[in-house]
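Beneath this line is the structure, given in structure tokens, with notes to follow.
The values are calculated or read from the model by the stated rules, or taken from the named source; none is laboratory data. Predicted model, so just to flag it, every value in this text is computed and none were measured. Note that we place each Cβ from the backbone using ideal geometry, even for glycine, and neighbour counts take in every protein chain shown. The accessibility values were calculated without ligands, DNA or RNA, using every heavy atom of the protein model including side chains. Shrake-Rupley method; radii C 1.70, N 1.55, O 1.52, S 1.80 Å.
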Amino acid sequence: MTVLLGNDILNTPIPGGGDKESDKVAENINNIQKKTLLIEGMTCAACSNRVEKALNKLEGVEKASVNLSSNKALVFYNPKVVNEQILVQAVEKAGYKAEILSEEDKEKAKLLREKEIKSLRRSFIISAILSLPLLIAMFFHMAGRMNILTNGYFQMLLATPVQFIIGSRFYKGAYHSLRGKAANMDVLISLGTSAAYFYSVYNLINGVHEYYFEASAVIITLILLGKLFEAIAKGKTSDAIKKLMELRPKTARVYRDGKEIEISIDDIDVGDVIVVRPGESLPVDGIVMEGASAVDESMLTGESIPVEKKEGDVVIGATINKTGSFKYKATKVGKDTMLSQIISMVEDAQGSKAPVQRLADKISGIFVPVVLGIALITFIVFSRLDSFNTGLINAVSVLVIACPCALGLATPTAIMVGTGKGAEHGILIKSGEHLELAHKLTTIVLDKTGTITKGSPEVVYVEKLTDIDENKLIEITAAVENTSEHPLGEAVVKYARSKGIEFYETKEFNAIPGKGIKAIYDGKKVAIGNRALIKENLIEIDDNIEEKIAELENKGQTVIIVSIDNEINGIIGIADKIKESSYEAIKKMKEMGLELYMITGDNERTAKAIAREVSIENVIAEVLPENKEKIVSSLKKEGKIVGMVGDGINDAPALASADVGFAIGTGTDIAIEASDITLIKGDLNGVVTAIRLSHKTMRTIKQNLFWAFFYNTIGIPFAALGYLNPMIAGAAMAFSSVSVVSNSLRLRNFK
């Protein structure tokens with residue numbers, strides 16, 4: 001077992017704060033704000049890439065991330081430099097519609113998707129009805145049987161509305177794209193189908209009985225079918241958000257003016273007293289005032305066993321009351337409730353971009369111009385070697401099969417399903433970047449108190465060392481500790497109250513971080529803390545006391561020494577029990593090949609005892625709160641990819657500095673804010689699940705990218721050489737998008 005003291009690992013200067021922490025500090029200094037933009041008109045990776053570039057070019061925009069799958073852009077910007085109107089104008093200049101999505105407009109994205117599905121379904125049905133006779137005519141023509149269906153003017157009559165009315169969306173998209181000095185899949189489809197259509201018109205006018213009206217119409221029909229399937233499947237990727245939203249009840253019963261009335265949950269105010277009966281969902285967060293019950297919190301924690309709630313306990317909105325009735329006071333309403341924050345966090349994560357997507361974005365940026373070049377070369381070569389017809393058909397096939405839809409959907413669909421699945425398991429992942437990075441971790445640093453242990457220490461041993469009365473020793477200690485917010489102090493206060501011992505206020509209270517506390521009580525100078533504090537006050541610890549302290553520490557107890565008027569009067573042993581789940585979780589982490597460190601402010605002996613019990617070899621003890629972040633940074637400097645797990649305010653800098661910070665959800669709001677992944681259940685098994693989910697999601701993304709590249713790289717040469725009919729190319733392109741989204745949806749089976 002390697003045990004380092006806080007000072008040992010810090011003997012070389014380390015710059016304070018990691019990159020992420022610097023970013024967060026910069027955000028505060030620069031007053032960075034976040035806005036979500038809802039974007040209409042994006043059809044492929046080239047579109048989302050162009051919108052992202054347009055936003056990132058703006059002065060004052062710190063970072064913009066565009067998600068093709070959710071049709072949203074997440075923008076971090078300085079409102080002193082750039083405003084919302086400029087953001088919208090930049091998107092519109094790039095050729096797309098945009099509007100700011102406010103907290104109240106969360107339904108807009110859903111309504112937009114439903115409108116898109118309805119429009120695509122209607123367009124597809126009309127297009128299919130008009131294209132079917134053209135497809136049948138092709139077979140009659142091949143069989144040499146001429147009739148009304150093979151008549152060129154009749155075919156043009158059917159193909160024209162498909163090409164210019166139903167297909168107008170592609171022309172509009174191509175126009176906006178080219179106006180924005182770029183090319184997207186709409187350009188490819190417009191060029192390909194227009195070439196087939198106008199060449200057919202040219203032949204019809206010149207009396208040549210070779211028409212390709214069916215090719216242009218059927219390609220548009222198949223692409224619309226693919227887009228319809230894609231839109232439906234994309235809607236399923238955000239099922240997690242829908243499920244969370246459905247958990248909220250619409251109304252609540254509250255006491256107002258001495259009467260119980262039913263109101264909308266939107267009208268609940270902080271301080272309202274709410275009545276909940278068995279089987280009902282809690283409308284908002286609050287504190288139980290009267291009554292008791294068991295509450296099903298599985299929507300938060302994934303834990304199916306209901307949690308007993310009594311007076312003074314915190315309850316969370318959208319959890320389900322199982323047995324008794326109770327009244328509780330609303331403490332958080334509207335967007336401040338935990339459920340609203342969870343929904344917001346999941347939406348932000350689903351709208352974010354994983355670093356792996358940069359590869360797809362780079363390729364899509366140059367892909368369309370390259371395809372146009374290949375199509376032109378194909379046309380010229382085959383026109384000369386064979387015929388104009390062959391050159392045209394092969395070029396059209398190249399344009400159609402090369403549409404990079406699947407490439408743009410490969411990453412965001414998997415991220416959306418992955419982060420949503422995490423939320424179902426009580427794991428809130430703040431962005432795609434952290435979901436991707438989690439599976440690369442090599443080292444996990446675990447805070448001891450509240451992370452490995454329950455975080456609720458109990459007094460297990462008291463020994464007076466002078467003729468002082470034991471109850472008096474507890475009274476003095478509890479009185480001084482009552483002003484402190486330290487868990488060890490709370491344990492002493494709780495112990496005193498359980499024994500009915502009363503105490504009074506202290507004077508001149510002074511907390512010495514990492515050492516203990518000092519105060520005046522009943523005219524006596526009291527110092528309570530560890531060896532460092534006692535020695536700092538020039539009080540000698542004799543061998544007998546040292547031996548007793550060592551014995552307790554070897555049992556895993558934290559010992560506080562009580563000194564009154566410069567004399568050691570007693571020692572108190574406090575134990576923080578290890579969570580049952582910690583044993584299993586640590587075992588699983590070791591099986592995954594992760595290097596584990598336990599970090600604690602406790603002394604060496606206590607730290608070793610706890611570490612030995614949970615089988616952690618690397619222990620860093622006697623760490624002052626301000627040094628936790630420096631230790632994480634020093635491990636990163638050694639080339640390790642570090643995950644930090646903590647729950648306290650003093651863990652926040654370390655959580656921000658780590659490559660991935662995991663906050664125990666039962667901990668402080670500051671720790672949760674500083675972290676990248678929040679484990680709502682407060683269970684270390686959540687770290688294991690998050691890493692496994694990261695592995696699974698990244699494997700899905702790689703599969704998606706493979707299939708997206710496979711279709712294009714294999715399809716283009718086949719199309720260029722004339723082995724793919726344009727209609728088959730259109731079907732293959734549509735199938736590639738659907739297959740990528742369907743593969744992402746398999747993540748919903750993750751357990």
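Residue-wise test of (1) surrounded by fewer than 16 Cβ atoms within 10 Å (Cβ to Cβ); (2) more than 21 Å from E463 (Cα to Cα).
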| site | (1), (2) |
| --- | --- |
| I528 | no, no |
| R531 | no, no |
| I545 | no, no |
| N566 | yes, no |
| E580 | yes, yes |
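Can you tell me how many residues within the range 583-616 are within 32 Å of the chain's Cα centre (by Cα) and not in a helix (DSSP H, G or I)? Walk me through it before giving the result.
Kept after step one, since they are within 32 Å of the chain's Cα centre (by Cα), are these residues of the range 583-616: 583-601, 611, 614-616.
Now narrow it down to the ones that are not in a helix (DSSP H, G or I): 592-601, 615-616.
The qualifying residues number 12.
Given the conditions (1) open to solvent by 40 Å² or more (accessible area, probe 1.4 Å); (2) farther than 21 Å from A478 by Cβ; (3) part of a loop (DSSP other than H, G, I, E, B), report the number of the one that Y504 does not fulfil.
(2)
Results for (1) under 30 Å from F662 (Cβ atoms); (2) modelled with pLDDT of 85 or more, shown as yes or no for each residue.
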residue	(1), (2)
E502	no, yes
P513	yes, no
I549	no, yes
L552	no, yes
K555	yes, no
I568	no, yes
M592	yes, yes
E595	yes, yes
M598	yes, yes
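Restricting the search to the range 53-106, which residues are open to solvent by 30 Å² or more (accessible area, probe 1.4 Å), within 20 Å of I366 (Cα to Cα) and either in a loop (DSSP other than H, G, I, E, B) or among the small types (G, A, S) (or both)?
Within the range 53-106, K57 is the sole residue that qualifies.
Kindly state which strands (runs of 3 or more DSSP E) lie completely within the range 386-487 and contain at least 3 residues that are open to solvent by 10 Å² or more (accessible area, probe 1.4 Å).
Values: elements: 427-429, 443-447, 458-464.
By residue number, 458-464.
Report yes if S194 is within 18 Å of A402 (Cα to Cα), among the small types (G, A, S) and open to solvent by less than 30 Å² (accessible area, probe 1.4 Å), otherwise no.
Working: within 18 Å of A402 (Cα to Cα): yes; among the small types (G, A, S): yes; open to solvent by less than 30 Å² (accessible area, probe 1.4 Å): yes.
Spelling it out, S194 is indeed within 18 Å of A402 (Cα to Cα), among the small types (G, A, S) and open to solvent by less than 30 Å² (accessible area, probe 1.4 Å).
Among the residues of the range 136-148 satisfying the criterion of being under 11 Å from E214 (Cα atoms) and either buried (at least 17 other Cβ atoms within 10 Å of the Cβ) or of a type in the set (G, A, S) (or both), which is modelled with the highest pLDDT?
A137
Condition (residue is of a type in the set (S, T, N, Q) and over 31 Å from the mean Cα position of the chain (by Cα)) applied to the range 575-582: is it met by at least one residue? Spell out the reasoning first.
Taking the range 575-582 first, the residues of a type in the set (S, T, N, Q) are 581-582.
Imposing the further condition that a residue be over 31 Å from the mean Cα position of the chain (by Cα) reduces the set to none.
Scanning the range 575-582 turns up no residue that is of a type in the set (S, T, N, Q) and over 31 Å from the mean Cα position of the chain (by Cα).
For the range 617-628, does any single residue satisfy the condition of being part of a loop (DSSP other than H, G, I, E, B) and surrounded by 18 or more Cβ atoms within 10 Å (Cβ to Cβ)?
As a first pass, look at the range 617-628 and keep what is part of a loop (DSSP other than H, G, I, E, B): 617, 622-624.
Next, only the ones that are surrounded by 18 or more Cβ atoms within 10 Å (Cβ to Cβ) stay: 622-623.
Within the range 617-628, one or more residues are part of a loop (DSSP other than H, G, I, E, B) and surrounded by 18 or more Cβ atoms within 10 Å (Cβ to Cβ).
Name every residue in the range 244-270 that is open to solvent by less than 40 Å² (accessible area, probe 1.4 Å) and in a loop (DSSP other than H, G, I, E, B), in order of residue number.
Once the filter is applied, which keeps residues that are open to solvent by less than 40 Å² (accessible area, probe 1.4 Å) and in a loop (DSSP other than H, G, I, E, B), the range 244-270 yields P249, I268.
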